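J.: One structure, pasted below without further comment.
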Amino acid sequence: ADADADAGAGADAGTSTSAEGGAPPDWTPVPSVQIAPGQHKYVLISATEPYPSGTNQRCYTQFFVTSKDGAHYHMNAAEPYVELLQERGYRDVNVTGGGRIYFNVEEKSINIFGFSYGFGLADHAISKEVVEKDERYKDYDVTWSNDGY
């Protein structure tokens, strides 16, 4: 897994690279959010799409938020998603930081906070934005703070 703990969270935002052609018909993009109910370690990952998209046919860099039930370290939350992104052809995959995420299904709330010793502090504002853009969480109250571990 190519996880760069020193990458700046905002450094790749909105950047793009040119590429020819589109995605093959059997290719499925990786969901930008995969979080487990409860309170778990999470990581914010940036990666560049493998195939051009949009009207100008560019490969955009996007962010992903993932947490994993039972992850003892942030690396345990990161590794499966980093591997999935790489398997699907995403490039420049970087773990930009980590923290904790409390996903309360009953109360329809998601609280993003804390930091990772291994990857540093994630930009929780970006993580919040990624979660809020996911249709599955449109009715959720999503909050963040840099407090806590």
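The values are calculated or read from the model by the stated rules, or taken from the named source; none is laboratory data. What you see is a predicted model, and the numbers here were worked out from it, not measured in a lab. Neighbour counts are summed over all protein chains in view; Cβ atoms, including those assigned to glycine, are modelled from backbone coordinates with ideal geometry. SASA here: full protein model, heavy atoms, side chains in, ligands and nucleic acids out. Shrake-Rupley method; radii C 1.70, N 1.55, O 1.52, S 1.80 Å.
J.: Please identify the longest segment of the chain free of exposed GluC sites (Glu not before Pro), where exposed means a DSSP state other than H, G, I, E or B and no more than 13 other Cβ atoms within 10 Å.
T.: On the way: sites that count: Glu20, Glu106, Glu107.
In short, 21-105.
J.: Once the piece of chain linking Arg91 and Asp26 is laid out straight, how much longer is it, given 0.36 nm per residue of separation minus the C-alpha distance between them?
T.: Fully extending the segment from Arg91 to Asp26 adds 21.5 nm.
J.: Sticking with this one: Rounded to a whole number, what is D in µm²/s for the stretch 52-137 from Stokes-Einstein with the Kirkwood radius over alpha-carbon pairs (10 °C, 1.306 mPa s)? The partial results should precede the final answer.
T.: Working: Rh = 14.3 Å.
The diffusion coefficient I find is 111 µm²/s.
J.: Shifting gears a bit: If the elastic network links every pair of Cα atoms under 10 Å, which of Tyr90, Tyr117, Tyr81 fluctuates the most in the Gaussian network model of the chain?
T.: Tyr117
J.: Further question on the same structure: Ignoring everything except DSSP H segments at least 4 long, calculate the 222 nm mean residue ellipticity for the chain; use -39,500 (n - 2.57) per segment, divide by total residues, nearest 500. Walk me through the intermediate numbers first.
T.: Numbers: 2 runs with 24 residues, N = 149.
Calculated from helices alone, the mean residue ellipticity at 222 nm is -5000 deg cm²/dmol.
J.: In Å², what does the accessible area per residue of the chain work out to with a 1.4 Å probe? Let's see the in-between values first.
T.: Numbers: 7720 Å² over 149 residues.
Accessible surface, normalised per residue, equals 52 Å².
J.: Let me ask another. Measure nothing fancy, just the Cα-based angle from helix 124-133's long axis to the longest principal axis of the chain, in degrees from 0 to 90, nearest 10.
T.: Taking the Cα atoms of the chain, the angle to 124-133 is about 70 degrees.
J.: Just grab the label-to-label distance for Val105 and Leu121, each label 7 Å out from Cα along the Cβ direction, in nm (one decimal).
T.: Modelled inter-label distance: 3.3 nm.
J.: Leaving out ligands, DNA and RNA, what percent of the accessible area of the chain is carbon and sulfur, probe 1.4 Å? Before the final figure, lay out each step's value.
T.: Working: 3600 of 7720 Å².
On the chain, the fraction of accessible area on carbon and sulfur atoms equals 47 percent.
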